[in-house]
Amino acid sequence: RGGVKVDREGDITVPGRKFLDIVKALPAGLPVTVELKADKVEVKCGRSRFTLSSLPASEYPTVEEINATQTLELGQAELKRLLEKCSFSMAHQDVRYYLNGLLLETDGKMVRTVATDGHRLALCELELAKPAGSGGAQQVIVPRKGVLELARLIGGEGDVLVQVGANHIRVQIGDIRFTSKLIDGRFPEYGRVIPANPKYVVRSGRDELRGALQRMAILSNEK
């Protein structure tokens, strides 16, 4: 905010994607002016002029309180690992809507993420270095879009604060606050498909197994 000069306070809405594309395309090093004129927003930079439609900020949906039942603190790299190790297994536009997201399970001492599309299942878990006490075990399903956007935002240094409510999840990343609705549904009992005492176990070097799978994947079907 230090480099922003405000002539007149106020709030308004603009088409987010269009506004972002405009700012990306503007010449570097030149000041950008954003001005509200009637019900339009004018963006100026050098010899460029853009006019965007707007709506009153009072009509913009907001979520102030999420009534968090669990508050977790963990590193950005740890959260990113939890998401990326499972997000590839999320379903996409499946009629079983509860599969179009990622299960986040916590009891305040550990966090587990699980995703499945009915063909494959991925699970990743982490013991929290800073336990949040026992708020009881809780399972929530974060929608696919929210998972992908959150994974894009994190990955730097420092910790993040994760608040889990009944209908929303909120993540505080520095000065960025990310809030997502949750999918209302019951995730499958994933533990039933994981062998508890497997009769056969294959052990292999990582690089050797990766190479074998990559060669076979050339002629394999996606599913």
- line: When restricted to Tyr200, Tyr190, the only residue open to solvent by 40 Å² or more (accessible area, probe 1.4 Å), aromatic (Phe, Trp, Tyr) and out of contact with any His (no Cβ under 6 Å at 6 or more places or on another chain) is Tyr200
- prompt: Has region 4-21 got any residue that is touching a Pro at 6+ places or on another chain (Cβ under 9 Å) and free of Cβ contacts under 8 Å to residues at least 40 places away in the same chain?
  reply: yes
statement: Within region 106-124, of all residues that are closer than 16 Å to Glu189 by Cα and open to solvent by 30 Å² or more (accessible area, probe 1.4 Å), the one nearest to the chain's Cα centre (by Cα) is Arg112
- prompt: Quick one: is Lys40 under 18 Å from the mean Cα position of the chain (by Cα) and open to solvent by 30 Å² or more (accessible area, probe 1.4 Å)?
  reply: no
- prompt: What single numbered condition from (1) open to solvent by 50 Å² or more (accessible area, probe 1.4 Å); (2) at pLDDT below 95; (3) farther than 29 Å from Gln163 by Cα fails to hold for Phe50?
  reply: (2)
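With respect to Asp184, is the statement that it is within 19 Å of Val63 (Cα to Cα) and surrounded by fewer than 10 Cβ atoms within 10 Å (Cβ to Cβ) true?
no
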- prompt: Here is a list of conditions, (1) at pLDDT 95 or above; (2) buried (at least 21 other Cβ atoms within 10 Å of the Cβ), and Val164 meets all of them except one; can you say which number that is?
  reply: (1)
- prompt: Do the conditions hold for Phe19, that is, is it among the aromatic types (Phe, Trp, Tyr), over 30 Å from Val164 (Cα atoms) and part of a helix (DSSP H, G or I)?
  reply: yes
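Looking only at region 71-104, filter to residues that are part of a loop (DSSP other than H, G, I, E, B) and in contact with a Lys or Arg (Cβ under 6 Å, 6 or more places away or on another chain); which one of those is most open to solvent (accessible area, probe 1.4 Å)? Give the derivation first.
In the first step, residues of region 71-104 are kept if they are part of a loop (DSSP other than H, G, I, E, B); the result is 88-96, 100.
Right, trim to in contact with a Lys or Arg (Cβ under 6 Å, 6 or more places away or on another chain) and you get 89-90, 100.
Numbers: Ser89: 1, Met90: 9, Asn100: 28 Å².
Here the answer is Asn100.
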task: Check region 94-105 and report whether any residue there is of a type outside the set (Lys, Arg), within 30 Å of Thr13 (Cα to Cα) and in contact with a Gly (Cβ under 8 Å, 6 or more places away or on another chain).
output: yes
message: Restricting to region 163-187, and then to whatever is in contact with a helix residue (DSSP H, G or I) (Cβ under 7 Å, 6 or more places away or on another chain) and among the aliphatic types (A, V, I, L, M), can you tell me which residue is farthest from Ala151 (Cα to Cα)?
response: Ile183
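The values are calculated or read from the model by the stated rules, or taken from the named source; none is laboratory data. These numbers were taken from a predicted model, which means no experiment stands behind them. No Cβ is skipped: glycine too gets one built from the backbone with ideal geometry, and neighbour counts run over all protein chains shown. Heads up: the accessible areas ignore ligands, DNA and RNA and are worked out on the full protein's heavy atoms, side chains in. Shrake-Rupley method; radii C 1.70, N 1.55, O 1.52, S 1.80 Å.
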